[in-house]
Amino acid sequence: QVQLVESGRGLVQAGGSLRLSCAASGSIFSINAMGWYRQAPGKQRELVARITSGGSTNYADSMKGRFTISRDNAKNTVDLQMNSLKPEDTAVYYCHAVLKISGWGPERSYWGQGTQVTVSS
């Protein structure tokens, strides 16, 4: 059983900052990529940022320069530092991981339960 648990939900004013954290736990053999996605009401879920086990990152264009993703491989955690937040960043943010639960099994995709971020104007 694998769980991704997010923390750091909040309400902030435009221009403010917020940090989200996610911890993966359970029967984990190895984690490849970890990342954050978000879904605003009436919109599709979209990539925010992702980071590989080697530390390579990629960001959605609208987040570049404002958001920073980081990861602690030893702790199986991934953080998202969000600065200069805008009202359009309001969404439910989901932690995501691609991992193996055994050395011989396939990689599978896992999601957290989501955490609400609201940015007021």
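The values are calculated or read from the model by the stated rules, or taken from the named source; none is laboratory data. A quick note: this is a predicted structure, and the numbers were derived from the prediction, not measured. Cβ coordinates were reconstructed from backbone atoms using ideal geometry, including for glycine residues, and neighbour counts include every protein chain displayed. Please note that ligands, DNA and RNA were not included when accessible areas were found on the heavy atoms of the full protein model with its side chains. Shrake-Rupley method; radii C 1.70, N 1.55, O 1.52, S 1.80 Å.
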Taking a ≥ b ≥ c as the square roots of the Cα gyration tensor eigenvalues, with a/c under 1.5 meaning rounded and otherwise prolate when a/b beats b/c, else oblate, which class fits segment 53-121? prolate
Show the residues, 5+ positions off or on another chain, whose built amide H is closer than 5 Å to the amide H of I101. F29
Tell me the carbon and sulfur percent of the accessible area for the chain, rounded to whole percent, probe radius 1.4 Å. 47
Using all Cα-Cα distances in the chain, what percent lands in each 5 angstrom bin from 0 up to the longest? 2, 12, 23, 24, 18, 10, 6, 2, 1, 0
Pairs of lysines 8 or more apart, or on different chains, with alpha carbons under 23 Å: count those in segment 1-111, would you? 4
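Restrict the search to segment 58-102; then list the trypsin sites (Lys or Arg not before Pro) that DSSP places in a loop and that have at most 15 other Cβ atoms within 10 Å of their Cβ. Please report the intermediate quantities before stating the final value.
Numbers: sites: K64, R66, R71, K75, K100; in loops: K64, R66, K75.
When the trypsin sites (Lys or Arg not before Pro) of segment 58-102 are filtered for loop state and at most 15 Cβ neighbours within 10 Å, K64, R66, K75 remain.
Please compute the per residue accessible area over the chain with all protein chains in place, 1.4 Å probe, rounded to a whole number of Å².
Details: 6440 Å² over 121 residues.
Spelled out: the 1.4 Å probe surface of the chain, per residue, equals 53 Å².
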Scan around K86 for amide H atoms under 5 Å from its own, H built in the peptide plane at 1.01 Å from N, and keep only partners 5 or more places away or cross-chain. G15
Those chymotrypsin sites (Phe, Trp or Tyr not before Pro) from segment 29-113 that are DSSP loop and have at most 16 other Cβ neighbours within 10 Å turn out to be F29, W104
